[in-house]
Amino acid sequence: MSPRTTHAKRLLLAALVAASTSGCASQRGVQVAEVTAPVSGSAPTSGANSDVDWQQFPIEPGETASIQRVGYNDGVVIASPAVLAQPPQEDGNQSFGDFLQLDPPRREDGELGVGSGQPVEYFVGTALARHPKILAARQRVAAATNVIPQAKALPDPTFNNTFWPLQDNAIQTAAGRVGNQVSINQMVPFPAKLKTKAAIANREVQIAQAEVDTIARQITESVRLAYYEVWFATRAITIIEETKDLVADLTDVAEARYRSGGSQQDVLRAQLETDRLDEQLITLRKQKQVAQVDLATLLQQPVGLLPETMNELGVTDTPQQIEDLIGLAEQCNPTLRGLAWEIQRDRDKERLACLQQYPDLSVGLNWGLVSDNNNVLSPVANGNDQLSFSIGTTLPIWREKINSGIREAAHRRSSTTRRLEAERDELYGKIRRLIVQADALVEQRNIYEERIIPRTEDTLKVSIADYRGKRTDFFTLIETYRELLMFETQLARIDATLAGTIAQLDRTVGCPY
């Protein structure tokens, strides 16, 4: 049941009520359930069955920012094309959020209408470009990238200068007295150690990139959930405002019957129903403003600039291939990818711990300045400076320390492996729960849309005719109207909940399907 058809039915119901005041309308003269003609001034047509033309959505500079994935090849950082915050491609690769097809209202020239809402992907792109959490995570990736050249570089050399301020206490040699000695030493670790440290630094960058993807998925889900709350409140407000017109017509009917000798109680009940709707509008407007503030916070916009959503929210059936979704999550979920990189990092750390049993080398160059003045002790002194080379090595003899480091690294790797298994099991269970929840919501939506709401509308039509013929009381008529209002509001809530469930499924799987 699209809003266009709903609005048309309500207008015809109002016409039936108005005609009943003069007694010139018969039950056979109005076919409410069969009328589907468009009514001027009605809401835009639902976009549930239409595709989004992304070429009609120009993205201004600064509105969106892509998430750069980082790949590594022997320590070289390579930025790959962005895969997030981009519109769907024509090759059919879509995310679960693309189950929600949105068509914005447009002017005759094809541009977006002034003051109209924006699709959810616009807000997602804005949040990914501005949110401080993801900006901070990207900076951590950049910081970790700069650790790679540090990890594979040699340690800083050391420089020593030894001198004797008292000549009588200086070293005396056959060549002469040594005034001062200068030496340069360079520590050279075992070759495989530097390579392993660089590999560990590479893993840290990949872990940081997985954290960026995780935060991006969290922000995307939060934006979508806030967007759907704004949409639901807007939709509920629209339903109640349209219903107030019907209640006003019912009030006119009750007043007409009261003037012709009816009960004043019907008039008071109709007026009370209008007051009740006004109270619901206050609650819904407050709920909408709260959701708008939450969405504006995620977008890093001033709270005074409250974002608006599209008029229509189309929801299609959810995918049924649970095993395929689990396979995709195994490959693409950023949390699982991050844990997999942690396991690789821990393996490299274990290898580095094993390499500690091999010695490191130390090479040096020494130069001694010999005095060649007449105060030398030996007549055969030539005064030549001293020059020597030195080679040293560490002695990894404390085997218990080395073995403890190896065991520590092995336990950490085992712990990360168990964490990956636990996260995988939790992820599989969450996917199954979301699929079951989405399927149930789809079934409920079909029941409300195809059976409950149409039958309630037919019941309301019969109640109006019976009330006109004085075969029922006004209380029964109001109860039927309340049921219709409740069912339509519940349908809007089901649509918003289904959209939120798909957003959670999109975050859980973590990649296009």
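Looking at (1) part of a strand (DSSP E or B); (2) at pLDDT 90 or above; (3) crowded, with 16+ Cβ neighbours inside 10 Å, can you tell me which one Asp348 breaks?
(1)
Do we find that Ser388 is polar (S, T, N, Q) and assigned to a helix (DSSP H, G or I) in this structure? Outline the logic, then answer.
Details: polar (S, T, N, Q): yes; assigned to a helix (DSSP H, G or I): no.
In short, no.
So, in region 489-513, how many residues would count as being part of a helix (DSSP H, G or I) and open to solvent by 10 Å² or more (accessible area, probe 1.4 Å)? Break it down stepwise before answering.
Our first condition is that a residue be part of a helix (DSSP H, G or I); within region 489-513, this holds for 489-509.
Within this subset, residues satisfying the condition of being open to solvent by 10 Å² or more (accessible area, probe 1.4 Å) are 489-491, 493-495, 497, 504, 507.
Residues in region 489-513 being part of a helix (DSSP H, G or I) and open to solvent by 10 Å² or more (accessible area, probe 1.4 Å): 9 in total.
With respect to Arg445, determine if the residue is assigned to a helix (DSSP H, G or I) and crowded, with 19+ Cβ neighbours inside 10 Å.
Values: assigned to a helix (DSSP H, G or I): yes; crowded, with 19+ Cβ neighbours inside 10 Å: no.
It is false that Arg445 is assigned to a helix (DSSP H, G or I) and crowded, with 19+ Cβ neighbours inside 10 Å.
Just checking, how many residues over region 472-499 are over 37 Å from the mean Cα position of the chain (by Cα) and among the β-branched types (Val, Ile, Thr)?
Qualifying residue count, region 472-499: 4.
So the check is Cβ under 6 Å with 6+ separation or different chains; which pairs have a first residue in region 142-164 that's surrounded by 11 or more Cβ atoms within 10 Å (Cβ to Cβ) and a second one that's assigned to a loop (DSSP other than H, G, I, E, B)?
Qualifying pairs under 6 Å: Ile148/Gly75; Trp164/Ala170.
Can you give me the number of residues within region 173-193 that are open to solvent by less than 80 Å² (accessible area, probe 1.4 Å), in a strand (DSSP E or B) and at negative phi? Before the answer, list the steps.
Taking region 173-193 as the starting set, the residues that turn out to be open to solvent by less than 80 Å² (accessible area, probe 1.4 Å) are 173-183, 185-190, 192-193.
Going one step further and asking which of them are in a strand (DSSP E or B), we end up with 173, 176-183, 185-188.
Add one more test, that the residue is at negative phi, and what stays is 173, 177-183, 185-188.
So the answer is 12.
Which members of region 461-472 meet the condition of being among the β-branched types (Val, Ile, Thr) and either in a helix (DSSP H, G or I) or open to solvent by 60 Å² or more (accessible area, probe 1.4 Å) (or both)? Lay out the reasoning, then the answer.
At the first step, the residues of region 461-472 found to be among the β-branched types (Val, Ile, Thr) are 462, 464, 472.
Listed by number, the residues that qualify are Val462, Ile464.
Yes/no per residue for (1) open to solvent by less than 80 Å² (accessible area, probe 1.4 Å); (2) assigned to a helix (DSSP H, G or I); (3) closer than 17 Å to Gln504 by Cα; (4) modelled with pLDDT of 80 or more:
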{"site": "Val293", "(1), (2), (3), (4)": "yes, yes, no, yes"}
{"site": "Ala296", "(1), (2), (3), (4)": "yes, yes, no, yes"}
{"site": "Gly304", "(1), (2), (3), (4)": "yes, no, no, no"}
{"site": "Met310", "(1), (2), (3), (4)": "yes, no, no, no"}
{"site": "Asp324", "(1), (2), (3), (4)": "no, yes, yes, no"}
{"site": "Ala329", "(1), (2), (3), (4)": "yes, yes, yes, yes"}
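Looking at region 386-439, which of the residues that are of a type in the set (A, V, I, L, M, F, W, C), open to solvent by 50 Å² or more (accessible area, probe 1.4 Å) and at pLDDT 90 or above is nearest to Leu328 (Cα to Cα)?
The initial filter retains those residues of region 386-439 that are of a type in the set (A, V, I, L, M, F, W, C), namely 387, 389, 391, 395, 397-398, 402, 406, 409-410, 420, 422, 427, 431, 434-436, 438.
Keeping just the survivors that are open to solvent by 50 Å² or more (accessible area, probe 1.4 Å) gives 387, 389, 391, 395, 397-398, 422, 436.
Then keep just the ones that are at pLDDT 90 or above; that gives 389, 391, 395, 397-398, 422.
Numbers: Phe389: 60, Ile391: 55, Leu395: 50, Ile397: 49, Trp398: 48, Ala422: 17 Å.
Across region 386-439, the extreme among qualifying residues is Ala422.
Got a sec? Which of Glu242, Glu221 is assigned to a helix (DSSP H, G or I), touching a His at 6+ places or on another chain (Cβ under 8 Å) and open to solvent by 10 Å² or more (accessible area, probe 1.4 Å)?
Details: Glu221 fails: touching a His at 6+ places or on another chain (Cβ under 8 Å).
Going through Glu242, Glu221 in turn, just one is assigned to a helix (DSSP H, G or I), touching a His at 6+ places or on another chain (Cβ under 8 Å) and open to solvent by 10 Å² or more (accessible area, probe 1.4 Å): Glu242.
Condition first: among the basic types (Lys, Arg), open to solvent by 20 Å² or more (accessible area, probe 1.4 Å) and over 25 Å from Val223 (Cβ atoms). Can you find one or more residues in region 452-460 that meet it? Give the steps one after another, and end with the answer.
Going residue by residue through region 452-460, those that are among the basic types (Lys, Arg) are 455.
Imposing the further condition that a residue be open to solvent by 20 Å² or more (accessible area, probe 1.4 Å) reduces the set to 455.
So of that shortlist, the ones also over 25 Å from Val223 (Cβ atoms) come out as 455.
Yes.
The values are calculated or read from the model by the stated rules, or taken from the named source; none is laboratory data. As the structure is a computational prediction, the values presented were derived from the model and not from experiment. A quick note on method: Cβ atoms are made from the backbone with ideal geometry, for glycine too, and the neighbour counts reach across all protein chains shown. Keep in mind that these areas ignore ligands, DNA and RNA; they rest on the heavy atoms of the full protein, side chains included. Shrake-Rupley method; radii C 1.70, N 1.55, O 1.52, S 1.80 Å.
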